[in-house]
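Notes follow the structure.
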Amino acid sequence: RQIQSESNRIWQHNVVVQEADDGSTALAAVRTELAFGRSFDIILIDFVMSRMNGPEAVRALRIELGFTGTILGITGNALPKELTIFQESGVDEVLIKPLSKANLLAAFHKHLQKNEEYNDQQQHSAV
């Protein structure tokens with residue numbers, strides 16, 4: 001909720017945040033959005049979750065659902081092995097907890113800007 005209000009204030013866009021308690025719920029939410037022809041700009045996913053952990057969920061998002069958008073992984077464990085597992089699952093970036101508001105918003109901005117540049121390129125190449 002803090003992310004939503006801060007994002008709205010900084011970027012002056014309507015940012016909608018959808019929460020999921022675990023990887024399975026996140027996967028179902030993305031599946032639903034895709035079924036309606038919509039998607040998420042950024043998915044923020046924790047490494048440790050019940051039922052389906054972050055890396056498992058990311059692999060399913062990428063492979064089963066074909067999600068190509070930005071996925072930011074979050075972990076409280078900065079061990080190289082855990083970071084590698086997350087990176088190999090398909091996240092675009094791994095953020096280490098505790099997250100500062102500034103670092104989180106900087107990651108959002110960087111990836112949203114990258115997504116906008118990609119979309120601009122696609123529009124120009126389609127014309």
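Surface analysis of segment 27-81 yields an accessible area of 54 Å² per residue, using protein heavy atoms and a 1.4 Å probe. Near the amide H of L95, within less than 5 Å, lie the amide hydrogens of G73, I74, T75, all on another chain or at least 5 residues away, with H placed in the peptide plane. Per-residue Karplus couplings for segment 26-42, computed as 6.51 cos²θ - 1.76 cosθ + 1.60 with θ equal to phi - 60°, are listed in order as 4, 4, 5, 5, 5, 4, 5, 4, 5, 5, 9, x, 10, 8, 9, 6, 9 Hz, Gly and Pro entered as x.
Express the carbon and sulfur contribution to the solvent-accessible surface of segment 34-79 as a percent, rounded to the nearest whole number, probe 1.4 angstrom.
The computed percentage sits at 55.
Along segment 72-89 the Karplus relation, 6.51 cos²θ - 1.76 cosθ + 1.60 evaluated at θ = phi - 60°, assigns HN-Hα couplings of 9, x, 10, 8, x, 10, 8, 5, x, 4, 5, 4, 5, 4, 5, 4, 5, 6 Hz to successive residues, with x for each Gly and Pro. Using the Cβ-Cβ distance between R51 and E93 with R0 set to 25 Å, the FRET efficiency from 1/(1 + (r/R0)^6) comes to roughly 0.55.
The ratio of the alpha-carbon radius of gyration of segment 18-65 to the globular-protein estimate 2.2 N^0.38 Å is 1.04.
The values are calculated or read from the model by the stated rules, or taken from the named source; none is laboratory data. As the structure is a computational prediction, the values presented were derived from the model and not from experiment. Reconstructed Cβ throughout: ideal geometry from the backbone, glycine too, with neighbour counts over all protein chains shown. Calculation scope for accessible area: heavy atoms of the full protein, side chains included, ligands and nucleic acids excluded. Shrake-Rupley method; radii C 1.70, N 1.55, O 1.52, S 1.80 Å.
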